[in-house]
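**Q** Provided herewith is a single structure, encoded as structure tokens, for subsequent inquiry.
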Ligand code: DGY
């Protein structure tokens, strides 16, 4: 309704620090990569210029090797840990974190480009195109060490799905004996029962220290990190983003880049086969150190249509999982299978619903003609926000809000899609 729309606008304005937007005050006081891209999609519903600016500012943090970091530390804020000094990256033009986050940007740039035929709109897309190209090339080279056509992440934070139960096996191989004492800040902002465990944080800190010791050189980090896991969500988000980048190349006159993008798409389509778990019939993680596959149906599987995957041998079992899960919980899409032992309905990425994943999954299903399931996801998202406001995430069991409040990306996808 109108009240919620107004509140969503207020949240985006309040979290706008001047050209870039933070996810929420206190808990996440910096610019985060994929948060900013969803925020841009929200801004585009009422201020196209501000939407472009959000993405342009994100790319100010791009590294020389093409990587776009997951956090941009534009000005120090002690309410967050681990801050810039813990990461120890280069500090010009400002410090950042040392790894990336899911690459939704090219898809959003295509959306913004298609929203207006004004020449200056095309100019802004053109200016971003080479930066997107460099980032996608970085994924295809620096994050696919075995040439599988999948994205291997070097830290759970790179996935954006920090404590997914599928990371438990790879994280169990991380040695935490050298981790110095540290004080978390997240659990002073949010109920610890809704956050990753200390055991997980120790491992996050151990992996971070190894990356720092490598000077964040991408090849060295991939060689030395104890955590190197192919992630179906990032791979599918990148596959989709490459399809959108190809359209942009065509429409913006970057014809010479098309063959390279087509090569990535073909390789990633094949790569997804290596993430199919035939026992559970879903897309899962693959630990590249041990070759162990993930065992649970996470919300990543429901991004298949978004990624443009349409083989009925994949879509039919996924639809069966969808219907089974929808019969089990009151709200879709839980981030992890409620029938799996790892499921916890309020603990971050072990079960809660994230509005941005709902948006991506429903968008893909709509495009593929799966209208009823897409509409179920959208209506459930509306019910969640009506009931619990613009929370960071929601329990699929009782619809209660969890994590931070007044959350930018929840407000943004509300405006762009749910309402
Ligand atoms: C956090 O600090 O919880 C973030 O998820 C890291 O990106």
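**Q** Cα centroids of region 96-143 and region 248-309: how far apart, whole angstrom?
**A** Cα centroid of region 96-143 versus Cα centroid of region 248-309: 18 Å apart.
**Q** Sort 332, 236 so the one with the fewest other Cβ atoms within 10 Å of its own Cβ comes first.
**A** 332, 236
**Q** Here's a follow-up. Would you order 400, 310, 301 from fewest to most other beta-carbon atoms within 10 Å of each residue's own beta-carbon?
**A** If I rank by nearby Cβ atoms, fewest first, I get 310, 400, 301.
**Q** Let me ask something additional. Among 229, 174, which comes first, second and so on when ranked by fewest other beta-carbon atoms within 10 Å?
**A** Lowest count first: 174, 229.
**Q** Please give the peptides 383-391, 211-219, 248-256 ranked by average Cβ packing (other Cβ atoms within 10 Å per residue), highest first, as a rough proxy for protection.
**A** Ranked from most to least packed, the peptides come out as 383-391, 211-219, 248-256.
**Q** Quick check on packing: order 93-99, 352-358 by the mean number of other C-beta atoms within 10 Å, highest mean leading.
**A** Highest to lowest by the protection proxy: 352-358, 93-99.
**Q** In Å, the Kirkwood hydrodynamic radius of region 2-418 over pairs of distinct alpha carbons?
**A** Averaging 1/r across every pair of different Cα atoms and inverting gives 21.2 Å.
**Q** Now, a different point. Where does the chain land at 222 nm, in deg cm²/dmol rounded to the nearest 500, when only DSSP H runs of n ≥ 4 count, each adding -39500 (n - 2.57), divided by all residues?
**A** Value at 222 nm, helices only, nearest 500: -14500 deg cm²/dmol.
The numbers here are math on the coordinates, done by the rules we state, and not lab data. Bear in mind that the values here come from a model prediction, so they are computed numbers and not experimental data. Here Cβ is always computed from backbone atoms with ideal geometry, including for glycine, and neighbour counts include all displayed protein chains.
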